[in-house]
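Reviewing the structure listed below.
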Amino acid sequence: MAGQQGLFQQAIQFNKPERWLGGLLGSLLLVAGSSAMATTWQGGYEDGLWEASEPSQLSCELNHYIPDFGVARFIHRAGDEVRMEIDTFRHSLRQGRVDLVALAPHWQPGQGTRKLGHYEVKTTDYPLRIGTRQTELVLESLRQGRMPSLVQTDSDERIQRRRASLTPVRFHTAFANFQECQARLLPVNFDQIHDVVLNFNVGNNQLTESDKEQLDLIVRYVHADPEVELVMVDGHTDSLGSRTRNREISHQRANEVTDYLVARGMPEDMITTEFHGQRYPVADNRTAEGRQKNRRVEIQLQRELEIKPLF
């Protein structure tokens with residue numbers, strides 16, 4: 001976070017005319033077929049304001065600071081697709097349609113403009129979120145040396161066209177670091193792994209290979225996420241058999257899971273193990289399908305509670 005703030009300050013200093021005007025004048029490109037004046041934002045060619053986050057197994061970010069306009073962020077969270085968000089300064093864009101295009105830089109004359117999509121800006125209080133397919137096209141355009149740009153033309157001719165561009169200068173080094181981070185991402189995120197259910201056959205408490213793979217993934221995630229402080233293991237049964245026997249079986253199932261987690265490296269003091277027999281069904285015990293769902297062990301991850309001040 002400190003690195004991003006430092007780079008943001010660099011972006012502010014970078015706005016000084018003596019540092020960026022020469023590069024900007026040499027690179028101004030309007031959408032083909034238009035001669036109207038435009039308000040244009042982009043970094044100069046002597047500095048590309050790109051920064052990749054530190055390597056992580058949970059989330060990766062690639063940020064590009066556009067002077068006087070805002071920040072374009074490429075975000076890849078574990079278990080999700082990469083996505084792009086553009087966080088603009090207030091009043092940089094107006095409400096209405098924004099076209100996403102890829103412009104050819106001045107050193108590639110004649111390449112033309114490629115349309116990547118369009119979006120409807122309803123409010124500037126939240127980031128503009130770009131779809132996965134368009135995000136991939138933006139990254140590909142940058143790899144090709146193009147300038148992905150947001151272009152907005154107002155129906156009122158008195159209002160200048162607005163264009164904000166991402167420059168490919170210094171992109172490749174930061175993108176290589178971003179890809180290195182992506183290679184370390186876990187296959188799941190907290191939302192996908194925080195509540196796992198393992199089901200069992202009648203009278204059985206043995207873990208299948210599939211169960212073990214799930215538990216291995218939980219162990220990997222807990223080691224990667226320092227915010228997880230508690231792992232709750234709860235054993236359950238269907239209603240067949242006596243209550244005493246069902247409590248015993250649910251105890252065995254819960255202990256089987258706990259023992260496996262500890263054996264795979266999870267700290268034992270992070271785990272709470274409980275067993276409930278048939279007391280808490282999640283399905284109808286009158287059907288075979290319902291009883292199968294009730295024969296289970298639930299593993300839940302709990303993060304430390306964060307209460308932040310409003311102001």
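What follows is calculated from the coordinates using simple rules that are stated; it is not laboratory data. Since this is a predicted model, take the numbers as computed values, not measurements. Please note: Cβ atoms are built from the backbone with ideal geometry, for glycine as well, and neighbour counts cover all protein chains shown.
Brief remarks follow.
- In order along region 260-265, the Karplus-derived 3J(HN,Hα) couplings, from 6.51 cos²θ - 1.76 cosθ + 1.60 at θ = phi - 60°, round to 5, 4, 5, 5, 8, x Hz, and Gly and Pro are given as x.
- GluC sites (Glu not before Pro) within region 82-177: DSSP coil, no more than 11 neighbouring Cβ in 10 Å: Glu157
- Relative contact order, whole percent, for region 100-205 stands at 21, derived from Cα pairs under 8 Å and 6 or more residues apart.
- Whole-number percent relative contact order across region 203-311, with pairs defined as alpha carbons under 8 Å at least 6 apart: 37 percent
- Exposure proxy for His276, His106, His91: other Cβ atoms within 10 Å of each Cβ, ordered fewest to most, give His91, His106, His276.
- Prolate/oblate/rounded label for region 190-303 (Cα gyration tensor, a/c 1.5): prolate
- Karplus 3J(HN,Hα) series, Hz, for region 132-138 with 6.51 cos²θ - 1.76 cosθ + 1.60 (x for Gly, Pro): 4, 4, 5, 4, 4, 5, 4
- Taking every DSSP beta bridge that has both ends in region 190-303, the antiparallel portion is near 70%.
- Calculated from backbone phi, Karplus (6.51, -1.76, 1.60) coupling profile of region 178-191 in Hz, x at Gly/Pro: 4, 5, 4, 5, 4, 5, 8, 4, 5, x, 9, 10, 4, 4
- The order of the peptides 177-183, 255-261, 281-287 by mean Cβ neighbours within 10 Å, most packed first, is 255-261, 177-183, 281-287.
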